[in-house]
Every structure is written in structure tokens, then in C-alpha cells.
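Structure, as C-alpha cells:
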Amino acid sequence: MSSHNTVLIVDDTPENIGVLFECLAHQNFHILVAENGKNALDIAEHKHPDLILLDIMMPGIDGFETCRQLKSNTETQDIPVIFMTALSDTSNKIKGFQLGAVDYITKPFQQYEVLARIKTHLSLRQLQKQLEVQNEQLIQLNQDKNEFLGIAAHDIKNPLGAIQSAAEVIEIDYDTMSKTDLLKRATNISNATRQLFTLIDNLLDINAIESGKSKISLSMIDMLTVLEPLVMRYRLQAKKKNIVIQFQASETQYPAFVDENTLTQILDNLISNAVKYSPYDKQVDIRISLQDNKSIRCEIQDNGLGISALEQEKLFQKFSKLTPRPTGGEHSTGLGLFIVKKLVDAMKGKVWCESEEGEGTTFFVEFLGDAV
Ligand SMILES: Nc1ncnc2c1ncn2[C@@H]1O[C@H](COP(=O)(O)OP(=O)(O)OP(=O)(O)O)[C@@H](O)[C@H]1O
Ligand SMILES: [Mg+2]
């Protein structure tokens, strides 16, 4: 039990207070005393004790009225109240419970019983507080999930609409359509389908990461074996926009502690962004290097629009489609970098970006190298 629990004793008889002090001695409680109801209400409101021991018969406001007022004030209503009564009078006990008390103790006090009841109610109160915090977190998580679902549903609607309208045109006009037109509609359908698959793959990735189901196992791998094939593949794609991809590596190998598939996914995302957000005829530079601290760093630098400082803060969030838009009609879900960040974290690596508006952007990703 926490050593900082504060117990407020409310009693007008100094003798009783003395006995209770003795009962609670050596328990590490912080003890507060009020000699009447009014004083008790004041202390409760300002000091927020964890528990109140409340005498029933007191001059002025009696224990019952004090309890009623404690329970009607939002500042004090959650503090557990234990009544103290000399009377073994059942009607008093019932009245106490009806007013919101959690328990009672009878005089003369039995030290161990008093202690046991106090400890029970303090730990119940502690659990209740934890539940309140967890409940708040659950409400927040549920809100996040709803928002996530809303955005995902919205992003699914556009490609679905495109598929539906292309299919409807074919349904109605198939007899009179030219082959070219038919091909155009089929291409619309397959593009929109690809878009949907990308979105769904991303959503499934996020789900796997967030539910702890993504399979990442780290081993020593030469990062060049992952990076080089990707560069080749993106060179072909970049050609369509007349973008040249330069690749620099001074060593023959770059062993790092990573998961091969995950690393591929990370670099794929970063290179695809560099090509996707670069204007035509620009250059993309990819560099891999060994750092002084023995980690392996990969840099992907483009000469695109750049990202403002304000937008850089949102870069690794879910569904963040920022000011730069794809320059060659590519598709964008706004999920790539969110996934990248999660995957890099899971591999104990680092990812960050340096960018200035109008100057292009460089993404850095770093993993633990072969330190031996
Ligand atoms: N190299 C870059 N240059 C300029 N803007 C970028 C660059 N990389 C990302 N962005 C901006 O950040 C946003 C988020 O990027 P992210 O990779 O998360 O999603 P996406 O590329 O839109 O979709 P996806 O990666 O799922 O295809 C992009 O929409 C774009 O506005
Ligand atoms: Mg992307």
C-alpha cells in the first residue's frame, strides 16, 4: 500500500482521536484531524484525503449531515467514508450506508479490525482510481479507432466509386464500345483495384503492428543486398518521370542488425516517396554509409518541393497527406511513413527527415551495425 495515504479523522472527543492515533501508528499514514463537521468539510475539500473516519454524534453538523455534504460535493464525493459509532444501533449503520458511507466501525475500537477495514477501503479506492484512468484511456482509444475507421472508409469509397462507374459503362455500352474505350475502362478498374489493395495492405500492416502481431526477427544482414535491388526497380519507375537515381556506397558490404522484409518495406516506402513527390527531370540521391558509432545509415535525398517545419511534425502520423502531392498521378494513402516509423522503432533504429521548403527533402534511416 502507498505510504502516502492520508486519513482524515473526524471526532469531537480527544480521547477517541488518541485511541485512533494509536491504532494507526507505524502504518505510514498521513493523519489529519477535524474536531467538527464544518472543519471536516473544509479539510476534505482542500486536502483531498484518501479516506475519512467520521464520528456520528458531534455538536453542530453531525456525522450524517457531514457525510451528505461530502457526497454532494464533486470535489469530495469519491472519498470513502467510514462511520464510527458507539452505538451498535442497526438503524444508524443503515442510515450511514444510505448516505454513501462504505463501512462502519464501532467503539470501543478493535485495533486490528479498524486497520483491516481502512486498508481494504484504501486499496479499493486505489483500484477505483486505476479503473477511472484506464476508462479514460479506453474512451480515447475508441475515439482514435473511430476516426481511423472513418478515414479508411472514406479512402475506400473513391476507388470503389471508380470501379463501379467503369463497370456500369461497360454493362450498358459493351455492344457499341470501341476496343480502346473498353481497354480504358478496364485500366480504370485495375488501377482503382490496385489502389484499394495498397490501402488494405497498409491497414493490415498497421493492425499487425498495433496488435503486436508483426513478425520481426533481427539478424545480421548486409543492407546492400536489400538496397541495390530496390534502387534498380525504382530506376525503371523513375525513368517515366525522367528522374535519375544516383546511388553511392563506398564499402562492399554494410552488415546491420535488421529484419530483411521489414527493411525492404521501410526503404521501399522512402524511395517511393522521393520519386513520387519529385517533379519531372529531377535527381534523387541514395547513399549508404557506416557511421562512427558503427551504425549503418541510409539517406534518401530528393530535389522536390520540400516539407515545411510545421508539416514535418505531422509526417509520421496516420493519414497525413501533406501539401506535396504526387507529381505523376501516383496514389497516396498517407500511411506509408506512419508504418515506416513503427517498423523502424520495432527494429530499434532511427528515422528522421531534414527538409526545407523549395529545397527538397532528405530522409535518414539508421540501424545498429556490426559493432564487433
Ligand atoms: N520526399 C517527400 N517530399 C515531399 N513530401 C513528402 C515526401 N515524403 C512524404 N511526403 C509528404 O508526406 C505525406 C505522407 O507520406 P506517406 O509516405 O506517409 O504517405 P503517402 O506517400 O501519401 O502514401 P503511401 O506511402 O501509403 O503511398 C505525403 O502525402 C506527402 O505529402
Ligand atoms: Mg509514401
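Could you tell me whether the stretch 347-370 includes any residue that is within 8 Å of ligand 1 (Cβ to nearest atom), aliphatic (A, V, I, L, M) and touching a helix residue (DSSP H, G or I) at 6+ places or on another chain (Cβ under 6 Å)?
Taking every residue of the stretch 347-370 in turn, none turns out to be within 8 Å of ligand 1 (Cβ to nearest atom), aliphatic (A, V, I, L, M) and touching a helix residue (DSSP H, G or I) at 6+ places or on another chain (Cβ under 6 Å).
How many residues does the stretch 315-349 contain that are more than 15 Å from ligand 2 (Cβ to nearest atom) and either surrounded by 15 or more Cβ atoms within 10 Å (Cβ to Cβ) or not assigned by TED's automatic domain parsing to the domain that holds TYR234 (or both)?
Residues in the stretch 315-349 being more than 15 Å from ligand 2 (Cβ to nearest atom) and either surrounded by 15 or more Cβ atoms within 10 Å (Cβ to Cβ) or not assigned by TED's automatic domain parsing to the domain that holds TYR234 (or both): 3 in total.
Mind checking which residues of the stretch 211-239 are polar (S, T, N, Q) and in a helix (DSSP H, G or I)?
If the condition is that a residue be polar (S, T, N, Q) and in a helix (DSSP H, G or I), then THR225, GLN237 are the ones that fit.
(1) out of contact with any Gly (no Cβ under 6 Å at 6 or more places or on another chain); (2) in a loop (DSSP other than H, G, I, E, B); (3) not aromatic (Phe, Trp, Tyr): which one isn't true of ASN273, the others all being true?
The one condition ASN273 does not meet is (2).
Can you pull out the residues in the stretch 33-82 that are out of contact with any Leu (no Cβ under 9 Å at 6 or more places or on another chain) and among the basic types (Lys, Arg)?
LYS38
May I ask you to say which residue of LEU141, LEU182 is in a helix (DSSP H, G or I) and either touching an Asp or Glu at 6+ places or on another chain (Cβ under 6 Å) or farther than 30 Å from GLU210 by Cα (or both)?
LEU182
When the stretch 267-324 is examined, which residues are found to be within 13 Å of ligand 1 (Cβ to nearest atom) and among the β-branched types (Val, Ile, Thr)?
The answer is ILE271, VAL275, VAL284, ILE286, ILE300, ILE307, THR323.
Just the residues that are more than 14 Å from ligand 2 (Cβ to nearest atom) and closer than 30 Å to SER295 by Cα, please, taken from the stretch 350-362.
Within the stretch 350-362, LYS350, TRP352, GLU354, SER355, GLU356, GLU357, GLU359, GLY360, THR362 meet the criteria.
Tally up the residues in the stretch 325-346 that are within 11 Å of ligand 1 (Cβ to nearest atom) and outside any loop (DSSP other than H, G, I, E, B), please.
Of the residues in the stretch 325-346, 6 are within 11 Å of ligand 1 (Cβ to nearest atom) and outside any loop (DSSP other than H, G, I, E, B).
Which of the residues that make up the stretch 22-42 are within 20 Å of LEU122 (Cβ to Cβ) and out of contact with any strand residue (DSSP E or B) (no Cβ under 7 Å at 6 or more places or on another chain)?
Hits for the stretch 22-42 are GLU22, CYS23, ALA25, HIS26, GLN27, ASN28.
For ILE79, are the conditions met, namely being assigned to a loop (DSSP other than H, G, I, E, B), under 15 Å from ASP11 (Cβ atoms) and not basic (Lys, Arg)?
no
Quick grid of which residues meet (1) more than 16 Å from ligand 1 (Cβ to nearest atom); (2) in the same structural domain as ILE288 (by TED's automatic domain parsing):
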position	(1), (2)
LEU199	no, no
ASN202	no, no
ILE206	no, no
THR225	yes, yes
MET232	yes, yes
GLN237	no, yes
ILE243	no, yes
ALA249	yes, yes
PHE257	yes, yes
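When you go through (1) more than 13 Å from ligand 2 (Cβ to nearest atom); (2) surrounded by fewer than 18 Cβ atoms within 10 Å (Cβ to Cβ); (3) at pLDDT below 95 one by one for LEU305, which number turns out not to apply?
Among (1) more than 13 Å from ligand 2 (Cβ to nearest atom); (2) surrounded by fewer than 18 Cβ atoms within 10 Å (Cβ to Cβ); (3) at pLDDT below 95, the lone unmet condition for LEU305 is (2).
Do we have ILE221 as within 16 Å of ligand 1 (Cβ to nearest atom) and surrounded by 15 or more Cβ atoms within 10 Å (Cβ to Cβ) here?
no
In the stretch 86-135, how many are in contact with a Gly (Cβ under 8 Å, 6 or more places away or on another chain) and among the polar types (S, T, N, Q)?
The total comes to 0.
The values are calculated or read from the model by the stated rules, or taken from the named source; none is laboratory data. Since the model is a prediction, treat every value here as computed from it, not as a measurement. Reconstructed Cβ throughout: ideal geometry from the backbone, glycine too, with neighbour counts over all protein chains shown.
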